[in-house]
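The values are calculated or read from the model by the stated rules, or taken from the named source; none is laboratory data. All of these numbers come straight from a predicted model, not from anything done at the bench. Virtual Cβ from ideal backbone geometry, glycine too; neighbours counted across all protein chains shown.
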Amino acid sequence: MKKLEILPEFRLDFPYTLPVLDFEYASLEPHIDARTMEIHHTKHHQAYVDNLNKALGDDALISKPLLNLFDKTEKLAPAVRNNGGGHYNHSLFWKLLKNNKGEKPSGDLLNHIVRTFGSYDEFRDEFAKAAISRFGSGWAWLSLDEENKLFISSTPNQDNPLMSIAEKRGYPVLGLDVWEHAYYLHYQNRRADYIKAFWDVVNWAEVEKRYQTIIK
Ligand code: MN
């Protein structure tokens, strides 16, 4: 992966800490409720951070930017892979959220989406399909590959497309957490409704910024 260092989250390094959100928990309502956001951030994400620090201990060899660890995921202890992925994925996810009042992508990103998937609606359908068909817990992603092609994928558990074990590797532009802890309080078993609501809380300005950074 040639472009890791340009990703803003490349600076994530040991000892890891819970990022402060730049929005209120309640600000994503009614699409994602405040209680879910609070538990997701202060309990689930905090646990990934704590367990990652614990799993790495004082090992100076392994204490390097988190994204470098993903280059040899197969060699990582399960606790490092799972909690390292968990910390990365959530740190990214929070940045991608905003109550967008019906906003859609625009400019180069929209053009690229239309060129790749046919239309914005077809892109949404394909992304939703990846999210709904992920059995158990995991994530759905829109990423750019090394040839700057957009693709949709899903990964199990706390894996992500940056990891060397990913079926298809790429740089995530957009991600959606489909673990039950992300939606169960409000949506119970209705993952499809949560995925539908996700389109109202995508921070497209942030997604476009990532897209422009990665595609250079
Ligand atoms: Mn989560």
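Are any residues in the range 48-58 surrounded by 14 or more Cβ atoms within 10 Å (Cβ to Cβ) and more than 17 Å from the chain's Cα centre (by Cα), and if so, which ones? Before you say what the answer is, go through the steps one by one.
Quick first cut of the range 48-58, residues surrounded by 14 or more Cβ atoms within 10 Å (Cβ to Cβ) only: 48-53, 55-56.
Selection gives ASP50, ASN51, LEU52, ASN53, ALA55, LEU56.
Within the range 168-205, track down each residue that is closer than 21 Å to PHE70 by Cβ and surrounded by 15 or more Cβ atoms within 10 Å (Cβ to Cβ). Explain how you work it out, then say what you get.
Within the range 168-205, the first condition is being closer than 21 Å to PHE70 by Cβ, and the residues that meet it are 168-179.
Hits for the range 168-205 are ARG169, GLY170, TYR171, PRO172, VAL173, LEU174, GLY175, LEU176, ASP177, VAL178, TRP179.
Taking the range 146-164 as the range and being loosely packed, with under 14 Cβ neighbours inside 10 Å and under 14 Å from LEU4 (Cβ atoms) as the test, only GLU146 passes. For the range 18-30, enumerate the residues that are part of a helix (DSSP H, G or I) and touching a residue at least 24 places away in the same chain (Cβ under 8 Å). Within the range 18-30, SER27, LEU28 meet the criteria. Within the range 105-120, one or more residues are touching a residue at least 12 places away in the same chain (Cβ under 8 Å), aromatic (Phe, Trp, Tyr) and surrounded by fewer than 16 Cβ atoms within 10 Å (Cβ to Cβ). Among residues of the range 5-17 that are of a type in the set (Ser, Thr, Tyr), those with a Cβ under 8 angstrom from a residue that is surrounded by fewer than 18 Cβ atoms within 10 Å (Cβ to Cβ), sequence gap 6+ or separate chain, pair up as TYR16/ASN53.
Just so you know, in the range 8-60 the residues that are touching a Ser or Thr at 6+ places or on another chain (Cβ under 7 Å) and modelled with pLDDT under 95 include one that is nearest to GLN212 (Cα to Cα), and it is GLU9. Of the residues that make up the range 89-102, is at least one modelled with pLDDT under 95 and more than 12 Å from the ligand (Cβ to nearest atom)? Scanning the range 89-102, I find at least one residue that is modelled with pLDDT under 95 and more than 12 Å from the ligand (Cβ to nearest atom), so the answer is yes.
Within the range 113-136, is there a residue that is closer than 24 Å to GLU9 by Cβ, within 14 Å of the ligand (Cβ to nearest atom) and touching a strand residue (DSSP E or B) at 6+ places or on another chain (Cβ under 9 Å)? Scanning the range 113-136, I find at least one residue that is closer than 24 Å to GLU9 by Cβ, within 14 Å of the ligand (Cβ to nearest atom) and touching a strand residue (DSSP E or B) at 6+ places or on another chain (Cβ under 9 Å), so the answer is yes. Restricting attention to the range 31-59 and to residues that are free of Cβ contacts under 8 Å to residues at least 40 places away in the same chain and assigned to a loop (DSSP other than H, G, I, E, B), the residue that is farthest from the ligand (Cβ to nearest atom) turns out to be ASP58.
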